[in-house]
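Visitor: Take a look at the following structure, please.
Every read-out reported here was derived from the displayed coordinates using simple, explicitly stated rules and does not represent laboratory data. Computed from a prediction, not measured in an experiment: that's the story for all the values here. Glycine gets a Cβ as well: all are built from the backbone with ideal geometry, and neighbour counts include every protein chain shown.
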Amino acid sequence: MGEGVDHGPAAGAGDLHRAAFEAAAIGLAVLTEDRRRIRDANPALCRLLGHAPGTLAGRAVADLLPESESIEAGIRRWKQADGRVVDVRVRGAGTTLVVEGVDPDEAARSDENRDALLAAGLGEWRWDRASGRINLSRRAAQILGHPPGEPVTWAVLRAAMPEAEAARLTESVRVALAQGGAYSFEGTLGRIGDGRPVVIASRGQALRGPDGTVSGLAGVLQDITTRVQTRDELIARDQRLRVATSIARLGIFEWHMLDDQAIWENERMFEIFGRTPEDGTIGKTEFLDDVLHPGDRDAVRKAISRALREDEILHVTVRIRRKDDGAWRTIDMAGRFERDAPNRLPRRLIGVVADVTDRLRAEERQALLIRELHHRVKNTLATVQAIVGSTARTASSIESFYEAFVGRIKSLAHTHSVLTEATWQTASLRNLLANELRPYAEAEAEGGADGRVTFEGPDIELPSEMAVPVGMAIHELTTNAAKYGALSNRRGRVAVRWSLEPGGKAGILHFAWRESEGPAVQAPRRQGFGTRLLQRVLTTQVQAEVTTDYAPDGFALTMVAPIPARNEALNPLI
């Protein structure tokens, strides 16, 4: 049996195959039919896994695999003899495997990572310096609007870009080629197919040939149009917010709770607290202990606790001391605590601050003015009531009642007009006298009697509550002098003197009215309006001490009255 069969060649081929198996530079493994054990492994695979040649035969495949790994084709992680894990590339199927080592970069370029690149919208490209062509992956071609599978030239790509963008891209490529390093570009171009503008981001790395010279570039490409539009809208929205808060004079802040650090988003925050950027911002501890008014600290702590507990807006009105001038200012602060997730502790407080000191002062002044107005109206109505009653009792006819009543009301209205025209609701005593007595002084000016009416005294501004009754008294004194006293003939004179003496809150007014060279004076047989006015209005509203003298050679009156202090809150100049 077996005669005529030549076994030489077959044996020679087996030896040749075995020699190739042993000498192969890459790892080779032959498995059992069930793929559970290694029938044979060449020296290259033994060296790759750190085993002595011939020692892998008969080993279980599971001994080479970390948990959850396999021997299927692809980049896998296998164990070495010392237990360390290495990246290997597995090829083949069935019972024969080809196993070779891979470097970390190659390991990262797995098929799964390629799928991840596609999922992230990244396309790959490669530019060859010699030919000038750019090879594009399908995704890269889709982004640029170019047919897939066809290279694109630099000239075509440049034509799709605005001149300024093309110049920037050219410079980026030039630097990458000159330095043999990384390349980066972000800009706008029109898609090659339809011209639709897109914003692209491209990153790459110079490639070197066998001789070490730069042979081209390779990298990835991404369409970032939506991201840029969103970014630009956020920037525009932030600018609009900053303009609005600047106009509204609002400060914007963030307070990070874990490290008690604050971020002040605009200059208005520094202005409100009287600080400079060099001074830095302030956290909760410094705010409560050093800046906040001691009387407001408990209320702020309670407000913070309530806002955290009930997840509501924090809103407090408090007093703070400015750093630069030490002045106390009142601020409105509103904010909301931001949480990473429901039912978790908040991470930061975002809010706004407004300096409301001037507004509150204006509101207080307005309330004070309203109270002052009520007081004046009440006094004016009482004065008018006195005018009506007294004029009616002393008038002998309707005509005399009308004449006296209108004159007195005009005097009252004139005094109020002087007050409302003044910046601080005051009236000059000299002006009140001049307005009533000027007609009588001017009537005889041509006859050399320009000294018929004389004034002597310092400039005194009477507050409104004193100016009205004093103005009415001057009107009555002038009217009586014109009807019955020194101003009723051509020779009579009126001399008015006043002085301001120390005392009271704003001084004591000493006022003296003296008539001379008029008709002989007789004491009145009954009390007229003027007497009632002097006794009722002056003594009640001004707390004045009034003395009258009906001497035959001329009527005289003296008044001593305290000048009330002016309320600084009513001063519009402060």
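Visitor: Show which lysines lie in cross-link reach of LYS505 when reach means a straight Cα distance below 30 angstrom and same-chain residues fewer than eight apart are skipped.
Guide: LYS378
Visitor: Another question about this same structure. From the Cα gyration tensor of the stretch 14-62, with a ≥ b ≥ c the square roots of its eigenvalues, which class applies: rounded if a/c is under 1.5, or else prolate if a/b is larger than b/c, or else oblate?
Guide: Taking the square roots of the gyration eigenvalues as a ≥ b ≥ c, the stretch 14-62 is oblate.
Visitor: By per-residue mean of other Cβ atoms within 10 Å, what is the highest-first order of 286-292, 19-25?
Guide: Taking the mean over residues of other Cβ atoms within 10 Å, the ranking is 286-292, 19-25.
Visitor: Let me ask something additional. Excluding same-chain residues fewer than 8 positions from LYS302, which aspartates and glutamates have a Cα within less than 20 Å of its Cα?
Guide: Straight-distance partners of LYS302: GLU254, ASP260, GLU286, ASP289, ASP290, GLU310, ASP311, GLU312, ASP332, GLU338.
Visitor: Does the stretch 119-223 come out rounded, prolate or oblate by the C-alpha gyration tensor, with a ≥ b ≥ c the root eigenvalues, rounded set by a/c under 1.5 and, if not, prolate when a/b is larger than b/c and oblate if not?
Guide: It comes out prolate by the Cα gyration axes.
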